[in-house]
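To start, the structure under review is shown below, and the notes come after it.
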Amino acid sequence: MSTTLTGKPTARSARPGLLRGLTWLVLRQHRAALGCLLALTVLCSLWIVYQRGQLTELLDAQGWPEKTVPQPVVGAGYRNLTALLGLLPGVLAVFLGAPLISADHEQGTAQLVTTQSVTRRRWLVAKLGWCFLITLVACSVLSAVFTWWWRPHRSVLPDIWMDPSVFDNTGPVLPALALFLTAAGVTIGVLLRRVLASMVVTLVFCVAAQTVWGMVRDRLATPRTITYPLDADVPARLHDAYEVDRWVASADGQLYGWGSCAEATEQASRACVEEKGIVDNVFQYLDPSQMAAMQWTGAGVLLAGTVALTAFTLWWASRRPL
Amino acid sequence: MAETNIAGEGPGPWAMEARGLGKRYRRGWALRDCSFRLPAGRICGLVGPNGAGKSTLLGTASRQLAPSEGELRVFGVPVDDPAVMPRFAYLGQDKPLFKRFTVAETLRMGGELNPGWDAGAAERIVRSGDVPMHAAVGTLSGGQRTRVAFALAFGKRPDLLLLDEPMSDLDPLARNEMSTLLMAEAVERGTTVVMSSHLLSELEDMCDYLLVLAGGRIRMAGDADALVPAHALVTGVTRDGGLPAALTRHTVIEKRVQGRQFQAMVRRDGPLSGDWQVSEPSLEEVLLAHLRSPDAPALFTPGAQPETEGARTT
């Protein structure tokens, strides 16, 4: 390469190609991160494809869905994979988001780039754009592949749809959660301007955010309520439902807590039931048909948070010296 | 006391023009009420004690800091306009570079981010220092890294080069080499250079224009050739332990009385006559006197102060 440079010193600026300007710089600076993330995405996808193939083989051999299959149909591979996908947004936030701008502050390269002929805002937009794009692509691919595995086999797989391992790893939730946490990591990095400090704070933030998200998850849709007689079997439609709450009720609709008549002896229980006139079970639940709407609502909330954090980051970094 | 203005040459094209420039941090003003002009094509030394506002001034000029008040123009373009960015290059104390980039990639970055990139010039500067093109920047010595940083700065083809003590961490040999390179490149292109430095002798050799800052304010601005002769070093015998009355008509920058002897650095306001000895000070002596006496009235040589500013009092 040095010989061509000596021969044609101007060839460098005339080199054709798609990667120009800030795009080239950002990709060159973060090529290790890009390579790791691409490798992770490809390997994880292949792993899912392999596990799905194994599961399909097993189910075909057992004659599913005509016959029932003995549980469990999946082993540690499934659990490890869902755990990995569940950790991915936090890992991206801590290792990609937090150092994205703070590393350039710490090493002074923010000053280097923004004293060339590009403004601070353009540089930030390029960095954030790259970071969000690979987060979105990687998580969308993984979520799509995992959904493709989970959806046809949901009745035989161990987790129900409201479990974090399914709800957060399928559909739009995985990319939205990753984008939100990564944007939070970037914001924390811009505020703290130190790599290690911002990574630690981002980790703490991720734990807190995941906890809050766990509490918000079952409020993303209005629960449905079904009333059925006290001595009847649970209706079939509740088999895959997520229980929010349940009561017992008298004929006039008066609700009593589920344990209201849990007495020491069956006789005492019956006496209590008769005294209060309890005739019905009341069951409040989230139906699996609400899943898609809940996932998109949740993704919408997270994306709104991402937009707010990004706007704040751009505003803050443009008004503050680097 | 009023500022002294020396009559003489008129205005020209200005590389830098500040009017009432100020920058306030949380702990106070780092730069206050700075008004000066720097003609294009000069090598300007920026002098002042630590914390005088030199880095703040250079940071403002290189768009890393937004001024709190006033305005700064670079070749007539307000510094908050992005159009000013290709006109200047900045080299700071720590000369940050991407450590994992090779030298070739660092130069490519210059090409990718600057519209008027001169790849030939940048490569020539790197090669003349025998810096291997494919070495990672992190593995280079301090002198080699500074050379790469200089190549990046000159490859941008700036009209104004802002240097914030970029050679402070170099050994004397590398320092000399860089100074020579800087002067050769600047003279060849007619680049205006603003460099801050603590080495007064270095400034004396290289600079033909001076900006002296103290306490966030301009103390002196103008041609080095005109600033020095405006001062005189007066030695004589004191009668009452103070300066002779005839001398206090002039602006006294600094005085020292030792026994019956006095020595004073004065700014001439008319002919100096009396029973004392007058000698011409060196640039270093003038600068040191001003650095030791930050309360002395400001001095601007003609054109060094924006016209509309008029007569100001300090």
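The values are calculated or read from the model by the stated rules, or taken from the named source; none is laboratory data. Predicted model, so just to flag it, every value in this text is computed and none were measured. No Cβ is skipped: glycine too gets one built from the backbone with ideal geometry, and neighbour counts run over all protein chains shown.
Structure summary
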quantity: Leading residue by the ranking (farthest from B:Ala119 (Cα to Cα)) among those in the range B:148-189 that are away from every other protein chain (no Cβ under 14 Å) and among the charged types (D, E, K, R); calculated: B:Asp171
quantity: Subset of the range A:103-120 that is among the small types (Gly, Ala, Ser) and in a loop (DSSP other than H, G, I, E, B) - its residue that is nearest to the other protein chains (Cβ to nearest Cβ); calculated: A:Gly108
quantity: Subset of the range B:86-100 [under 22 Å from A:Ile101 (Cβ atoms) and either of a type in the set (D, E, K, R) or within 7 Å of another protein chain (Cβ to nearest Cβ) (or both)]; calculated: B:Tyr90, B:Gly92, B:Asp94, B:Lys95, B:Pro96, B:Leu97, B:Phe98, B:Lys99, B:Arg100
quantity: Only one of B:Arg217, B:Arg175, B:Arg145, B:Arg239 that is among the charged types (D, E, K, R) and in the same structural domain as B:Asp275 (by TED's automatic domain parsing); calculated: B:Arg239
quantity: Answer from B:Met16, B:Met1 - the residue that is closer than 24 Å to B:Gly303 by Cβ and modelled with pLDDT under 90; calculated: B:Met1
quantity: Options B:Val148, B:Val228: the member that is in contact (Cβ under 8 Å) with a residue 40 or more places away in the chain and more than 18 Å from B:Tyr90 (Cα to Cα); calculated: B:Val228
quantity: Exclusive hit being part of a helix (DSSP H, G or I) and farther than 23 Å from A:Arg28 by Cα, set A:Leu96, A:Leu87, A:Leu100; calculated: A:Leu87
quantity: Residue in the range B:132-147 that is nearest to the other protein chains (Cβ to nearest Cβ), counting only those that are more than 17 Å from B:Thr180 (Cα to Cα) and surrounded by 15 or more Cβ atoms within 10 Å (Cβ to Cβ); calculated: B:Met133
quantity: Odd one out for B:Ala30, checked against (1) assigned to a loop (DSSP other than H, G, I, E, B); (2) surrounded by 21 or more Cβ atoms within 10 Å (Cβ to Cβ); (3) within 14 Å of chain A (Cβ to nearest Cβ); calculated: (1)
quantity: Residue list for the range B:155-179, restricted to those being over 18 Å from the mean Cα position of the chain (by Cα) and either among the β-branched types (Val, Ile, Thr) or outside any loop (DSSP other than H, G, I, E, B) (or both); calculated: B:Gly155, B:Pro172, B:Leu173, B:Ala174, B:Asn176, B:Glu177
quantity: Any hit, the range A:49-64, residues being assigned by TED's automatic domain parsing to the domain that holds A:Met199, modelled with pLDDT under 95, surrounded by fewer than 17 Cβ atoms within 10 Å (Cβ to Cβ) and not in a helix (DSSP H, G or I); calculated: yes
quantity: Residue match in the range A:254-264 (condition: assigned to a loop (DSSP other than H, G, I, E, B) and either on the phi > 0 side of the Ramachandran plot or at pLDDT 90 or above (or both)); calculated: no
quantity: Members of the range A:276-302 found to be surrounded by 18 or more Cβ atoms within 10 Å (Cβ to Cβ) and part of a helix (DSSP H, G or I), listed by number; calculated: A:Gln290, A:Met291, A:Met294, A:Gln295, A:Gly298, A:Ala299, A:Leu302
quantity: Selection count where residues are within 20 Å of A:Leu59 (Cβ to Cβ) and polar (S, T, N, Q), scope the range A:121-164; calculated: 2
